[in-house]
Amino acid sequence: MHDFKFKKNELYCEDVKVADVAKAVGTPFYLYSHNTLVDHLTKIQKAFAAVNPTVCFAMKSNGNLGVLKTLANYGAGFDIVSMGELKKAMKIGADPKKIVFASVGKTEEEIAIAIKTGILFFNVESVPELEEINRIAKKMGKVAPVALRINPDVAAATHNHITTGTLKNKFGIDLASTKKLLKEQKKFKNIKISGLHIHIGSQIVTSAPFIAAIKKVIEFLESLRSEGIHIGYLDIGGGMGIIYKDENPQTAQNYANAILPYLLKTGLKIVMEPGRFIVGNAGIFVTKVLYLKDNGFKKFLIVDGGMNDLIRPSLYGAYHEIVPVKTTTAKTVKADVVGPICESGDFLGKERDLPALKKGELLAVMSAGAYGYVMSSNYNVRCRVPEVLVKGKEFAVTKKRETYYDLLKGETVPGFLK
């Protein structure tokens, strides 16, 4: 559920009119609900209380400082994939011992800073990466904690671009190679292998793929223990789906009911990395109508937000519900909602039944809290939009709209062209 509701024909975020935010900050913009973030995080914490998990919010889904601080205030740690994300986590006062560092391509600088920061562990994706972390830790006179990301070769029913748990993907280490590393871990004198990590994909709406993966992990753990190899942590990743259109995703409690028996059987400390589940429905993207165009073949609602602001529809063919911010009696038309970018792929929705809105009226693109702003760009030399956080009756800009000065910062014309 979420806290974007209509009251007397006006869309509200908690107790704030979305139209009032638009008037204050201009369009387009992203808008997040504090209450929804807290509700979704605490639902996971309560559902999995039996294993007292370290819940590490997947920052790649939303890196807004207001969002991160909200979650940290309620006990969340962070799953990070870059030095920039680590810097953000530390800026809002995150506990380093609740930070895990994923990514298949960590740089020497990132590894060194993460070791210095004292994170919980690295999720290691390959043998060369393990060797690199060992080399850097030795150079620093440290022992680096790591978890080996195993690839359980389990397919998940989701978009090809966001499935990660099969051997045709770039992620993780196969089970045979993982066992070999664990047997030979004494070779890595500046590494402590603290656990195992799995992550099979994103926007997964049933528990079956998770159960299949965890069963493989349990079998693997049993084979390790039979050879005297013991670890402390199991990071089960993320991937829980949300409602975008007509999906029927599992609730946090249903997910917990399905996999807790297996997690308890491992006897390990549990880390989990929900991102989309926490933030996906906690945010919307608000855009303004510029024109209603009818070319005689079809109609287009042309808005001021485009694929550079929200790329999921263009990149994944993703569906987001689109609703007028204020209900209207205008006749309904079937139209594509498109932006100003010079690409045929620039759309937010196709063949939508919407009112024939006039210039200046507002649309809300729902369920845009995850993989929205973080995937935005300056394509067509467009300024990235502001982000706003609502808590009760208050709202604040947590990320200012970029200016053209920001876009030109760092750019120069070479002297030889003058």
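The values are calculated or read from the model by the stated rules, or taken from the named source; none is laboratory data. The structure displayed is predicted, hence computed values, not measured ones. Note: ideal-geometry Cβ built from the backbone for every residue, glycine included; neighbour counts use all protein chains shown.
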message = Please verify whether residue 370 is surrounded by fewer than 19 Cβ atoms within 10 Å (Cβ to Cβ), of a type outside the set (Val, Ile, Thr) and either under 25 Å from the mean Cα position of the chain (by Cα) or within 20 Å of residue 287 (Cβ to Cβ) (or both), treating the condition exactly as stated.
response = no
Selection from segment 217-230 of residues among the aliphatic types (A, V, I, L, M) and in contact (Cβ under 8 Å) with a residue 60 or more places away in the chain yields 217
Per the filter on segment 122-139, residues in contact with a Phe, Trp or Tyr (Cβ under 7 Å, 6 or more places away or on another chain) and not in a helix (DSSP H, G or I) are 122, 123, 125
Screening 71, 65, 41, 86 for residues that are closer than 21 Å to residue 310 by Cα and either touching a strand residue (DSSP E or B) at 6+ places or on another chain (Cβ under 8 Å) or not polar (S, T, N, Q) (or both) leaves only 65
Any residue that is assigned to a helix (DSSP H, G or I), under 16 Å from the mean Cα position of the chain (by Cα) and touching a residue at least 60 places away in the same chain (Cβ under 8 Å) - is there at least one of those in segment 281-299?
yes
Within segment 324-362, the count of residues that are under 15 Å from residue 27 (Cβ atoms) and surrounded by 15 or more Cβ atoms within 10 Å (Cβ to Cβ) comes to 10
Filtering strands (runs of 3 or more DSSP E) wholly in segment 1-99 for at least 1 residues that are among the basic types (Lys, Arg) and free of Cβ contacts under 8 Å to residues at least 24 places away in the same chain gives 4-7
When every residue in segment 378-411 that is within 16 Å of residue 287 (Cα to Cα) and in contact (Cβ under 8 Å) with a residue 60 or more places away in the chain is compared, the one surrounded by the fewest Cβ atoms within 10 Å (Cβ to Cβ) is 401
A careful count of residues in segment 246-279 that are more than 15 Å from the chain's Cα centre (by Cα) and in a strand (DSSP E or B) gives 3
For segment 300-342, the count of residues that are of a type in the set (D, E, K, R) and at pLDDT below 95 equals 1
Subset of segment 215-245, residues surrounded by 20 or more Cβ atoms within 10 Å (Cβ to Cβ), not hydrophobic (A, V, I, L, M, F, W, C) and not in a strand (DSSP E or B), comes to 237, 238, 239, 241
Quick count over segment 151-203, residues being touching a helix residue (DSSP H, G or I) at 6+ places or on another chain (Cβ under 7 Å), modelled with pLDDT of 80 or more and under 21 Å from residue 278 (Cβ atoms), is 1
Among residues of segment 45-61 being in contact with a strand residue (DSSP E or B) (Cβ under 7 Å, 6 or more places away or on another chain) and crowded, with 24+ Cβ neighbours inside 10 Å, the residue nearest to residue 397 (Cα to Cα) is 59
Among 93, 63, the single one that is of a type in the set (Gly, Ala, Ser) and farther than 20 Å from residue 239 by Cβ is 93
In segment 381-392, is there at least one residue being among the small types (Gly, Ala, Ser) and on the phi > 0 side of the Ramachandran plot? yes
Within segment 1-16, restricting to residues that are of a type outside the set (Ser, Thr, Tyr) and in contact with a helix residue (DSSP H, G or I) (Cβ under 9 Å, 6 or more places away or on another chain), the one that is surrounded by the most Cβ atoms within 10 Å (Cβ to Cβ) is 13
Residue set 110, 131, 85; condition buried (at least 18 other Cβ atoms within 10 Å of the Cβ), of a type in the set (D, E, K, R) and in the same structural domain as residue 145 (by TED's automatic domain parsing); output residue 110
